[in-house]
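Asks: What follows is a structure written as structure tokens; I'll ask about it next.
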Amino acid sequence: MAMSSLPREQSLLGKPALSERVAHVVLAACGVLSILVTLGILGVLAAESVSFFAEVGPVKFLADTQWTPLFAEKHFGIWPLLGGTLLTTLIAMLVSVPLGLLAAVYLSEFAPDRARRVLKPALELLAGVPTVVYGYFALTFVTPLLQRVVPNLSGFNALGPGAVMGLMIVPIVASLSEDAIFAVPASMREGAYALGAGRLATTLRVVVPTAFSGIAAAFILGLSRAIGETMIVAIAAGQQPTLTLDPRVPIETMTAYIVQVSLGDTPMGTLEYRTIFAVGLSLFFMTLFLNLISYWLRQRVLKGGAT
């Protein structure tokens, strides 16, 4: 019996089995493919953006405060689109951060195990709702509801879609924050209890500060998701690139402008068509920067857990 099992042990401890080698190759190919796709997207954006900036120039792109490339009098200042994007993102984060963090704290520290097993998957189901449904929900339900309490709120505005976008991001913030809070060592909770702290004080003064890096990473990932959202703002925010801080008026975001030009009315190869690549490249670097910050924060969480 021992001699018959020796070849099997050698195969386990020595050369990997064929299935393991195949799995390794497939996983490596998937990783390389994702990198190549990202580089291909970046290459297309950069090539078309170079042609755009050769005609417009970076100074006009960054210094002008009007964005009217489809009008007779053309202006190519990115700030109205950037301002609309940041305005809706700010509203979304004001909704998603407190709701997501409170949900994460409850699920991790206060909810019974049975309730946690039910509530967390139910919360994550919100992330599976198509964004076009959220867009029409913002346009046909949330905006008319807000018009009853917010004076001079336009039919297309930044407030309604921003709030609905925040609801859409709640599962991301809540799930990742809950994972970070749940990963806090039990010894820290027990130490606080031994010193006489209650559950609420332990959660607010020990657990949440310890998990801050992971919670911050969740917030930044939610912020990146809000910046890149398309359908909600394209449907409910309007398509008027106005540089404003008033959430009651129509605005246009960077993603909504890309949708507008991509509908097919603008001829390919024209300067107007190349504007979507310049906007897309700007959006790419914004989300890349946020994702790098999130990755750095998550690495801090892993290092803290390892120590």
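The values are calculated or read from the model by the stated rules, or taken from the named source; none is laboratory data. Remember, it's a predicted structure, so these values are computed and weren't measured experimentally. FYI the Cβ positions are ideal-geometry reconstructions off the backbone, even for glycines, and counts take in every protein chain you see.
Asks: Go through the stretch 171-195 residue by residue and tally those that are charged (D, E, K, R) and closer than 11 Å to V206 by Cα.
Replies: Of the residues in the stretch 171-195, 2 are charged (D, E, K, R) and closer than 11 Å to V206 by Cα.
Asks: Can you tell me which residue within the stretch 62-114, out of those that are touching a Pro at 6+ places or on another chain (Cβ under 8 Å), of a type in the set (V, I, T) and assigned by TED's automatic domain parsing to the domain that holds R274, is farthest from I181 (Cα to Cα)?
Replies: Taking the candidates together, the pick is T88.
Asks: Inside the stretch 236-285, can you point out the residues that are among the basic types (K, R) and within 16 Å of F52 (Cα to Cα)?
Replies: R274
Asks: Here is a follow-up. Would you please list the contacts, defined by Cβ atoms under 7 Å and residues six or more apart or on different chains, that run from a residue in the stretch 251-269 that is aromatic (F, W, Y) to a residue that is outside any loop (DSSP other than H, G, I, E, B)?
Replies: Hits for this filter: Y257/L81; Y257/V279.
Asks: Out of all the residues in the stretch 290-301, which are farther than 21 Å from L94 by Cβ and either crowded, with 18+ Cβ neighbours inside 10 Å or out of contact with any helix residue (DSSP H, G or I) (no Cβ under 7 Å at 6 or more places or on another chain) (or both)?
Replies: Correct list: L292, Y295, W296, R298, Q299, V301.
Asks: What about M286, is it in a loop (DSSP other than H, G, I, E, B) and at pLDDT 80 or above?
Replies: It is false that M286 is in a loop (DSSP other than H, G, I, E, B) and at pLDDT 80 or above.
Asks: Scan the stretch 118-140 for residues that are among the charged types (D, E, K, R) and either farther than 26 Å from R189 by Cα or exposed (fewer than 13 other Cβ atoms within 10 Å of the Cβ) (or both) and jot them down.
Replies: E124
Asks: Of all helices (runs of 4 or more DSSP H) completely enclosed by the stretch 1-119, which ones contain at least 2 residues that are of a type in the set (S, T, Y) and at pLDDT below 90?
Replies: 2-13, 18-55
Asks: Does L221 count as under 28 Å from the mean Cα position of the chain (by Cα), in the same structural domain as L290 (by TED's automatic domain parsing) and either charged (D, E, K, R) or closer than 22 Å to T131 by Cβ (or both)?
Replies: yes
Asks: Looking at the structure I just gave you, is T143 of a type outside the set (A, V, I, L, M, F, W, C), surrounded by 14 or more Cβ atoms within 10 Å (Cβ to Cβ) and modelled with pLDDT under 90?
Replies: Against the criterion (of a type outside the set (A, V, I, L, M, F, W, C), surrounded by 14 or more Cβ atoms within 10 Å (Cβ to Cβ) and modelled with pLDDT under 90), T143 does not qualify.
Asks: Moving to a separate point now. Can you find, within the stretch 84-117, the residue that is nearest to A63 (Cα to Cα) among those that are buried (at least 21 other Cβ atoms within 10 Å of the Cβ) and small (G, A, S)?
Replies: Across the stretch 84-117, the extreme among qualifying residues is G84.
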